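So the structure is just underneath, and the comments pick up after that.
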Amino acid sequence: MKSPNFIPLFLFILSISSLTGYAQKSDDLNPADKQNITDLIGKYSQAREQSDTVLLKSILMPEVDQLVSSGEWRYGISGSMKGMMRSSAGNPGTRSLRIETIRFINPESAIVDARYEIQNPNGTARKMWSTFIVVYDKDTWKITAIRNMLPAGG
């Protein structure tokens, strides 16, 4: 009777665990990358607050896309920027983003989850979540996707 060969199964399990085990929590990040990603989200917030299209264009990938809490999709840098400027003008208030987690997908891409709040002129606050997909491109971190979510009941 021939004994079973477990080597292929072992190699399969090892390869799957190495692929799924790469994602890193914020605490595991290179401190310089963590700071650069944090700065990137700060620049995004500043660009939105000041309607700075030059800064915004410098931190977005050309193929950026955005899904906003109203359900509108914005595609490409031009469509995204137009929608952002329209939204900022139509929804006045002070915007703030507070990063909760940064997690690498691989060395050149990460997921950034942040609390997103708009303090309205009437004193009320709109509390949401934003998720950014960021990529390392030409020696700098840039935003390639944004997802804004309004929690149920919010």
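The values are calculated or read from the model by the stated rules, or taken from the named source; none is laboratory data. No experiment lies behind these values; they were computed from the predicted model shown. Note: ideal-geometry Cβ built from the backbone for every residue, glycine included; neighbour counts use all protein chains shown. To get the accessible areas, we keep the full protein, side chains included, count just its heavy atoms, and leave off ligands, DNA and RNA. Shrake-Rupley method; radii C 1.70, N 1.55, O 1.52, S 1.80 Å.
How large is ³J(HN,Hα) for each residue in the range 136-150, as worked out from phi by the Karplus curve 6.51 cos²θ - 1.76 cosθ + 1.60 (θ = phi - 60°), to whole Hz, x for Gly and Pro?
Running phi through 6.51 cos²θ - 1.76 cosθ + 1.60 with θ = phi - 60° gives 8, 9, 6, 6, 8, 8, 9, 8, 10, 7, 9, 10, 9, 10, 9 Hz.
Calculate the spin-label point distance for Thr53 paired with Arg86, positioning each point 7 Å from the Cα along the beta-carbon direction, and give it in nanometres.
Here the answer is 1.4 nm between the modelled labels.
List the residues of the range 134-153 whose backbone N lies under 12 Å from a point placed 7 Å from the Cα of Asn106 along the Cα-to-Cβ direction.
136
Restricting to DSSP loop positions (anything but H, G, I, E, B) with no more than 13 other Cβ atoms inside 10 Å of their own Cβ, which trypsin sites (Lys or Arg not before Pro) remain in the range 64-142?
Lys138
Which residues' amide hydrogens lie under 5 Å from the amide hydrogen of Thr101, considering only partners 5 or more residues apart or on another chain, with H built in the peptide plane?
Asp113
Send over a whole-number figure in Å² for the accessible area per residue of the range 33-154, probe 1.4 Å.
52
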